[in-house]
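Undergrad: Could you have a look at this structure, given as structure tokens, before my questions?
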Amino acid sequence: MVIDCKHVWEHISGYLDATLPPDVLEQVQKHLEHCEICSAILDSTRNILILTADERVFELPLGFSERLHARLDEEIRDLAP
Amino acid sequence: MIAKILAGDSQLFHQLIRPYERRVYVMALSFLHNEADAEDTAQETFLKAFRNLSSFRGEAKFGTWLVSITLNEARSRIRRRNTIKEESLDEPPDDQGHTSPYLLRDWREIPSEALERKEVRLLLQQAITGLPLIYREVFQLRDIDQLSVNEAAAALGISIAAVKVRLHRARMMLQKKLAPELKQVAPKRRWWAWS
């Protein structure tokens with residue numbers, strides 16, 4: 001069975017997570033072999049996921065850890081018998 | 001380690017939470033859009049976890065349990081906020097139709113080194129925090145915190161199928177927003193002029 005671009009878009013997430021059933025995976029792969037638009041959508045999505053998962057995107061504020069552990073110490077002291 | 005803490009070695013709690021500091025903070029930030037509120041919520045989350053450690057049964061992973069506390073803390077803070085612009089916590093129906101991606105014919109890979117540039121980090125931050133809440137929380141747990149589908153479903157109290165649908169939409173929304181923006185900041189090819 002041949003599937004069109006819109007159907008492929010529905011499977012991009014499953015394709016990236018490698019959770020597609022074998023028959024769907026084969027259809028998607030066949031489509032990607034000749035469709036430059038869907039290939040570019042897949043490549044851009046994969047690239048974006050790599051970038052958004054990078055720790056540098058959201059950095060902890062300066063001194064976050066120190067302030068957190070200082071507050072915890074206060075709490076621990078208060079609860080001590 | 002948790003047993004030792006409960007037995008009285010409270011200082012070990014510092015060690016226990018270190019690997020989760022960033023996750024809890026980012027989770028709170030993605031809800032609250034404000035660094036000071038996010039830091040406060042993260043502190044409250046860890047304090048609550050310390051006070052309630054004896055109720056942690058070990059059925060879920062400690063990290064997943066912390067995520068649940070963070071979600072509750074962040075949600076109740078949003079409810080308490082009495083600001084003009086308030087985010088709705090009502091869940092929109094999941095069957096909102098398809099999210100079409102941004103169409104393009106080729107994609108030039110953006111290397112991770114691009115994240116050294118503040119403008120690139122800002123684009124990504126704004127795109128993630130701009131996602132509607134139900135998509136943002138799933139994306140955060142799966143693609144940023146790298147939780148499994150099952151763990152994300154447990155932390156959010158939704159079905160595995162709902163996690164998959166929301167994750168797919170979140171990713172497509174991000175592709176649609178970010179692909180054109182990132183194309184603009186992609187490093188230009190260098191052309192050497194032959195003289």
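The values are calculated or read from the model by the stated rules, or taken from the named source; none is laboratory data. Computed from a predicted structure; not experimentally measured. We place every Cβ from the backbone using ideal geometry, glycine too, and count neighbours over all the protein chains shown. To get the accessible areas, we keep the full protein, side chains included, count just its heavy atoms, and leave off ligands, DNA and RNA. Shrake-Rupley method; radii C 1.70, N 1.55, O 1.52, S 1.80 Å.
Undergrad: Tally up the residues in the stretch A:26-81 that are in a loop (DSSP other than H, G, I, E, B) and more than 12 Å from A:Val8 (Cβ to Cβ), please.
TA: Final tally of qualifying residues: 13.
Undergrad: Can I ask one more? Can you say whether A:Arg71 is within 7 Å of another protein chain (Cβ to nearest Cβ) and free of Cβ contacts under 8 Å to residues at least 24 places away in the same chain, as far as the supplied structure shows?
TA: Considered against the rule, which asks whether it is within 7 Å of another protein chain (Cβ to nearest Cβ) and free of Cβ contacts under 8 Å to residues at least 24 places away in the same chain, A:Arg71 comes out as yes.
Undergrad: While we're on this one: Restricting attention to the stretch A:57-64, does a residue exist that is modelled with pLDDT of 95 or more, open to solvent by less than 70 Å² (accessible area, probe 1.4 Å), at the interface with another protein chain (Cβ under 7 Å from one of its Cβ atoms) and out of contact with any Lys or Arg (no Cβ under 6 Å at 6 or more places or on another chain)?
TA: Within the stretch A:57-64, one or more residues are modelled with pLDDT of 95 or more, open to solvent by less than 70 Å² (accessible area, probe 1.4 Å), at the interface with another protein chain (Cβ under 7 Å from one of its Cβ atoms) and out of contact with any Lys or Arg (no Cβ under 6 Å at 6 or more places or on another chain).
Undergrad: Is there any pair linking a residue in the stretch B:97-115 that is at the interface with another protein chain (Cβ under 7 Å from one of its Cβ atoms) to one that is assigned to a loop (DSSP other than H, G, I, E, B) and among the aliphatic types (A, V, I, L, M), with Cβ under 9 Å and at least six apart or on different chains, and which?
TA: B:Glu109/B:Ala186; B:Ile110/B:Ala186; B:Leu115/A:Val57
Undergrad: Out of the stretch A:31-49, which residues are more than 7 Å from chain B (Cβ to nearest Cβ) and surrounded by 14 or more Cβ atoms within 10 Å (Cβ to Cβ)?
TA: Answer for the stretch A:31-49, where residues must be more than 7 Å from chain B (Cβ to nearest Cβ) and surrounded by 14 or more Cβ atoms within 10 Å (Cβ to Cβ): A:His31, A:Leu32, A:Cys35, A:Cys38, A:Ser39, A:Leu42, A:Arg46.
Undergrad: Among (1) part of a loop (DSSP other than H, G, I, E, B); (2) open to solvent by 10 Å² or more (accessible area, probe 1.4 Å); (3) within 11 Å of chain A (Cβ to nearest Cβ), which single condition is B:Ile158 missing?
TA: (3)
Every residue, every condition in (1) in a helix (DSSP H, G or I); (2) in contact with a Gly (Cβ under 8 Å, 6 or more places away or on another chain), yes or no:
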| site | (1), (2) |
| --- | --- |
| B:Arg136 | yes, no |
| B:Arg142 | yes, no |
| B:Gln146 | no, no |
| B:Asn150 | yes, no |
| B:Lys164 | yes, yes |
| B:Arg169 | yes, no |
| B:Leu174 | yes, no |
| B:Lys177 | yes, yes |
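Undergrad: So how many residues does the stretch A:1-15 have that are more than 8 Å from every other protein chain (Cβ to nearest Cβ) and either open to solvent by less than 30 Å² (accessible area, probe 1.4 Å) or under 23 Å from B:Leu174 (Cα atoms) (or both)?
TA: Within the stretch A:1-15, residues that are more than 8 Å from every other protein chain (Cβ to nearest Cβ) and either open to solvent by less than 30 Å² (accessible area, probe 1.4 Å) or under 23 Å from B:Leu174 (Cα atoms) (or both) number 7.
Undergrad: Here's another thing I want to ask about it. Report the residue count in the stretch B:30-52 for those that are on the phi < 0 side of the Ramachandran plot and modelled with pLDDT under 90.
TA: Residues flagged as on the phi < 0 side of the Ramachandran plot and modelled with pLDDT under 90 within the stretch B:30-52 amount to 4.
Undergrad: Moving to a separate point now. Determine, yes or no, whether A:Leu68 is surrounded by 14 or more Cβ atoms within 10 Å (Cβ to Cβ), of a type in the set (A, V, I, L, M), under 23 Å from B:Gln43 (Cα atoms) and touching a helix residue (DSSP H, G or I) at 6+ places or on another chain (Cβ under 9 Å).
TA: Yes, satisfied.
Undergrad: Sort out which residues of the stretch B:1-29 are more than 9 Å from chain A (Cβ to nearest Cβ), under 30 Å from B:Gln125 (Cβ atoms) and of a type in the set (A, V, I, L, M, F, W, C), and write them in order of number.
TA: B:Leu16, B:Val24, B:Met27, B:Ala28
Undergrad: Anything in the stretch B:41-75 that is part of a helix (DSSP H, G or I) and free of Cβ contacts under 8 Å to residues at least 24 places away in the same chain? List them, or say none.
TA: Answer for the stretch B:41-75, where residues must be part of a helix (DSSP H, G or I) and free of Cβ contacts under 8 Å to residues at least 24 places away in the same chain: B:Gln43, B:Leu47, B:Arg51, B:Ser55, B:Trp65, B:Asn72.
Undergrad: Another question, then. I want to confirm something. Restricting to the stretch A:16-25 and keeping residues that are assigned to a helix (DSSP H, G or I) and among the hydrophobic types (A, V, I, L, M, F, W, C), which single residue is farthest from the other protein chains (Cβ to nearest Cβ)?
TA: A:Leu25
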